[in-house]
Every structure is written in C-alpha cells, then in structure tokens.
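Following: one structure in structure tokens, then a few remarks.
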Amino acid sequence: MSVTLPDPGRLHAALQACHPAGLPEWLTAASPRCGTSAPPLRLDADQAEELADLAALVLWECQQAEGDTDPFTTTFAAACEQALTFLHPVRS
C-alpha cells in the first residue's frame, strides 16, 4: 500500500525545525532545501508510518507549548494534524 501526501511543505518545515538532524534520509532527499516548495510526496507503507510517528511527536511538542507566542507553533501543529489525518488510513 502507498499514499501520496499532496502538500508536504509545511510538515517538512515543522519536522526540520524540531528534528533538524534526526529526519530519515528518504525524507530529506525527497524534499528540496526549502521544504515549503516540496512537490507531492509518494510514500510506501513503512515511510507513511515513520512520517506519521514523527508528525505525532512534533504535534505533541507543539501542544506542550500551548500559550507560546512563537507563531510557528500553531502553523506546525496544524501541518502535523493535517498530515496525521491524511496518513491515518495507511496506518490502519
């Protein structure tokens, strides 16, 4: 099973900001240096599961920062929620 994540740019930015040295090589290679212009990302089931785990971790970190004045916290949380909603059927 595979899935295409249609707009991974904001998610990539969130993951890169929170885990700059810890992203999987396949994700770093699939996204341009400026992740906001990333094309749709085609994922196999293992990649989708790994990406969902990373997105869930970043979402949790954003939720822990509730009340933070950093404008990226809200943007990153929304990107993670969107990705998790999209990736959920693959994980089932």
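The values are calculated or read from the model by the stated rules, or taken from the named source; none is laboratory data. Keep in mind that this is a model prediction, so the values were computed, not measured. When we count neighbours, we look across all protein chains shown, and the Cβ atoms used for this are built from the backbone with ideal geometry, even at glycine.
Among the residues making up segment 10-29, a single one is among the charged types (D, E, K, R) and surrounded by 14 or more Cβ atoms within 10 Å (Cβ to Cβ): Arg10. A count restricted to segment 49-71 and to residues that are over 16 Å from Leu5 (Cα atoms) and modelled with pLDDT of 85 or more stands at 8.
Pairs meeting the criteria (first residue in segment 17-36 and closer than 22 Å to Ala77 by Cβ, second residue among the polar types (S, T, N, Q) and at pLDDT 70 or above, beta carbons under 8 Å, at least 6 apart or on different chains) are Leu23/Gln16; Pro24/Gln47; Leu27/Gln47; Gly35/Gln16. With respect to (1) exposed (fewer than 11 other Cβ atoms within 10 Å of the Cβ); (2) under 18 Å from His19 (Cβ atoms), the lone exception for Pro71 is condition (2).
Looking at segment 37-48, which of the residues that are at pLDDT below 80 and either touching a Gly at 6+ places or on another chain (Cβ under 6 Å) or assigned to a loop (DSSP other than H, G, I, E, B) (or both) is nearest to Ala78 (Cα to Cα)? So, considering only residues that are at pLDDT below 80 and either touching a Gly at 6+ places or on another chain (Cβ under 6 Å) or assigned to a loop (DSSP other than H, G, I, E, B) (or both), the one nearest to Ala78 (Cα to Cα) is Ala38. Residues that are among the small types (Gly, Ala, Ser) and outside any helix (DSSP H, G or I) within segment 53-68 comprise Ala65, Gly67, listed in sequence order. Taken over segment 72-92, the criterion of being at pLDDT 85 or above and either of a type in the set (A, V, I, L, M) or part of a loop (DSSP other than H, G, I, E, B) (or both) is satisfied by Ala77, Ala78, Ala79, Ala83, Leu84.
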